[in-house]
Amino acid sequence: MRKLLHGGNVTHWVGLAVGIVYGLAARFAFTHDRFAEMLGVMTVGFLFLMPLALGVLTVYFGAKQKQRSWAYWILMPWVPCIILLAAVLLIGWEGRICILMALPVFLFLSSLGGLVAGLIIRANLRDRNSYSLVAIIVFLPFISGAVEGQLGRPDSTRLVETKITINAPSHKVWDNIIRVKKIEPGEQRFSTVHSIGFPRPVEATLSREGIGGVRHATFEGGVLFVETIDKWDPEKELSFGIKADTKSIPPTTLDEHVTIGGPYFDMLEGTYVIERVNDNQVVLHLSSKHRLSTRINFYAGLWTNFIMRDIQNNILEVIKRRSELK
């Protein structure tokens with residue numbers, strides 16, 4: 001106990017405590033009803049500048065009274081970051097998908113903040129000057145969030161393209177595209193996206209063949225897409241507009257920040273194209289368009305592209321296995 005309460009260790013624990021409290025307070029403030037529309041977690045202020053400030057606080061208060069190593073500056077901010085993310089996950093403030101999206105940014109920028117704090121300490125500034133500099137960094141996420149709130153959320157339409165080679169005639173592939181019979185658990189491959197909470201595809205029905213026909217694509221957790229066919233070229237191309245049936249999606253299925261048809265993300269279009277190689281081989285292309293509406297589209301788009309590519313590859317593999325069955 002004496003070792004833990006030694007002067008050097010006390011500042012170590014103080015730094016951790018300050019970092020954790022700041023992170024939780026920022027998360028609460030950015031999503032509080034009074035500030036959620038102006039601030040919000042899907043912002044540069046929260047996702048990028050908040051962990052930077054958290055890292056500064058952790059190292060500044062943890063290393064100001066006792067010299068610490070470069071490794072401490074870089075790695076110690078990871079502890080409050082991980083505790084913060086684990087806490088919001090356990091409390092239910094965020095889902096696994098959002099936690100995974102935030103983790104690499106939080107770790108990198110909190111380390112950068114730790115380095116900044118270490119350099120401030122090493123510069124031997126007068127206490128008043130160093131405290132002022134730290135205070136500016138601490139309030140920077142809120143200033144940035146307020147400015148972003150005045151700019152609104154820009155829309156970005158993103159295209160994701162995937163393909164697979166299938167050793168089967170085009171008519172057989174076509175039959176497995178227009179309708180997808182219920183996908184059994186044994187047909188589903190392991191997927192990182194599904195393991196973190198995104199629903200797996202279940203089946204797709206078709207009201208009638210031809211333009212104007214409606215596919216109902218069902219996913220686990222009550223997720224339903226209503227797909228209206230706008231291009232029907234048998235054994236060549238199937239294209240459809242996509243509308244998520246938001247009333248059918250329980251609030252527990254997806255995190256609010258990745259809810260399909262919500263303010264941040266929506267599916268728009270899907271297209272299958274069959275490229276015939278020979279009588280018994282085709283290349284099946286599957287592309288989709290989705291809308292992304294956040295203040296961090298440049299980063300969130302990397303994740304939505306990854307998620308959609310993974311889902312599409314899973315669907316293509318199911319179609320391939322079924323089409324190649326004798």
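The values are calculated or read from the model by the stated rules, or taken from the named source; none is laboratory data. What you see is a predicted model; the values in this text were computed from it and never measured. Heads up, the Cβs are rebuilt from the backbone with ideal geometry, glycines too, and the neighbour counts pull from every protein chain shown.
Kindly evaluate Glu161 against the criterion of being under 29 Å from the mean Cα position of the chain (by Cα) and at pLDDT 85 or above.
yes
Being of a type in the set (Val, Ile, Thr), part of a helix (DSSP H, G or I), surrounded by 18 or more Cβ atoms within 10 Å (Cβ to Cβ) and in contact (Cβ under 8 Å) with a residue 60 or more places away in the chain: is that true of Ile97 here? For Ile97, the condition - of a type in the set (Val, Ile, Thr), part of a helix (DSSP H, G or I), surrounded by 18 or more Cβ atoms within 10 Å (Cβ to Cβ) and in contact (Cβ under 8 Å) with a residue 60 or more places away in the chain - is met.
Contact map, region 110-124: residues that are surrounded by fewer than 23 Cβ atoms within 10 Å (Cβ to Cβ) paired with residues that are of a type in the set (Ser, Thr, Tyr), Cβ distance under 6 Å, separation 6+ or inter-chain. Pairs shown: Ile120/Ser130.
Does Gly118 count as of a type in the set (Gly, Ala, Ser), closer than 19 Å to Ala17 by Cα and at pLDDT 95 or above? Here the answer is no, as Gly118 does not meet what is asked. Residues of region 300-308 include none that is touching a Pro at 6+ places or on another chain (Cβ under 8 Å), crowded, with 17+ Cβ neighbours inside 10 Å, among the hydrophobic types (A, V, I, L, M, F, W, C) and assigned to a helix (DSSP H, G or I). A Cβ distance below 7 Å, combined with a sequence gap of six or more or placement on separate chains, defines the contacts here; from region 20-31, residues that are buried (at least 20 other Cβ atoms within 10 Å of the Cβ) reach residues that are of a type outside the set (Lys, Arg) and not in a helix (DSSP H, G or I) in the pairs Arg27/Trp93; Phe30/Leu39; Phe30/Gly40; Phe30/Val41. Taking Glu161 as the residue in question, decide whether it is surrounded by 15 or more Cβ atoms within 10 Å (Cβ to Cβ), under 30 Å from Cys98 (Cα atoms) and acidic (Asp, Glu). So Glu161 does not fit the description; no. Scan region 215-252 for residues that are modelled with pLDDT under 95, β-branched (Val, Ile, Thr) and surrounded by fewer than 17 Cβ atoms within 10 Å (Cβ to Cβ) and the total you get is 3. Restricting region 129-158 to residues that are outside any helix (DSSP H, G or I) and at negative phi, the residue that is surrounded by the most Cβ atoms within 10 Å (Cβ to Cβ) is Arg153. In region 184-203, which residue that is without any contact (Cβ under 8 Å) to a residue 40 or more places away in the chain and in a strand (DSSP E or B) is nearest to Ser323 (Cα to Cα)? Looking at residues that are without any contact (Cβ under 8 Å) to a residue 40 or more places away in the chain and in a strand (DSSP E or B), I get Glu203.
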